[in-house]
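As structure tokens, the structure follows; a few thoughts come after it.
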Amino acid sequence: MAAQKNSLQRGFDNVAAAATSKALAFVGNTVLPFLGGLVGGAVGDWVGKNIRKILAGIAAFWVAQMAATFIMTVIAAVILVVFAAFAMFIINSGAYVVPPGRTGLGLEGGLFGPGIDVGASCPILGGSVLWGSMGTSNGSVQHGTEEYWRLRRDSCTSYTLGGCLCGQCATYGYAADFVYPTREAGPVYLPFIEGESVVWTVTRSWRGPRTGDGVGWLRAVYNGVAYEMYVSHLVDLPISGQSGDLFGVLVNRPTPHLHVELVIDGTYVQPDNMCQ
């Protein structure tokens, strides 16, 4: 009996195992592919219906990015062009500062050009230009040129002319030496500006390190415009006063002269016209 029971049990187990195997095979070969087809079909159908929207969105995003990049490039280019134009305007527009009421001066070279009336009278009575400013034909020699340094038996190392050292700016060589017609030493007088009397004040004075000559800066204001005058080759230090007042005497040496550099409202100018 026990043997028959075991035989029957094994029979049932074999039938169950076979049924289970067939069921799994059915699920794997039929049910799962069917479900997969349903899911894949639904996803594919959704993608098919929305693919245009997806592509349109991608295209819109790309176009927006390209447009933003293009706009920023254009803005940067415009700013660069405007800045360059402004810089060229500053460089080429004539004087950096034009005193009020002084128009039509015929400015040249970016600053006050040769022969321009700077509005200040000659500090020497009947004076003329001995050596003029660089860029002019005034006088026998122009400041800052090779001939100038040769005659001085010197070279441009630490000596400034027109507020500039050795040609490092546009105003280099803007200076003039004024002499009496007799080429003799004599008194020098504070200039009038536009024919009117002004007060000149010494702002700084000292003795030249090589010759001991009196040197200094004087300042006056006319119609709100500052005039500053650098002078050298005086017997004593310059003194303050009113236009027409004596402010010094020329050192008596071969060809006594007054060296002058002139600044109008912060801009060095060629002072040659003061005595022309």
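No lab work stands behind these numbers, since they all come straight from the coordinates. All of these numbers come straight from a predicted model, not from anything done at the bench. All Cβ positions, glycine included, derive from the backbone under ideal geometry; neighbour counts span all protein chains shown.
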Fewest to most neighbouring Cβ within 10 Å: what's the order for 261, 194, 147? 147, 194, 261
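Using 0.36 nm times the number of residues separating residue 53 and residue 206, minus their current alpha carbon distance, what extension gain do you get?
Full-extension gain reported as 46.6 nm.
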Assuming R0 = 25 Å, what is the FRET efficiency of residue 252 and residue 137, from their Cβ-Cβ distance, to the nearest 0.05? 0.30
Net length gained if the chain between residue 183 and residue 76 were fully extended (0.36 nm per residue, minus Cα distance): 32.4 nm
Least to most buried among 239, 58, by other C-beta atoms within 10 Å and fewest first, runs 58, 239
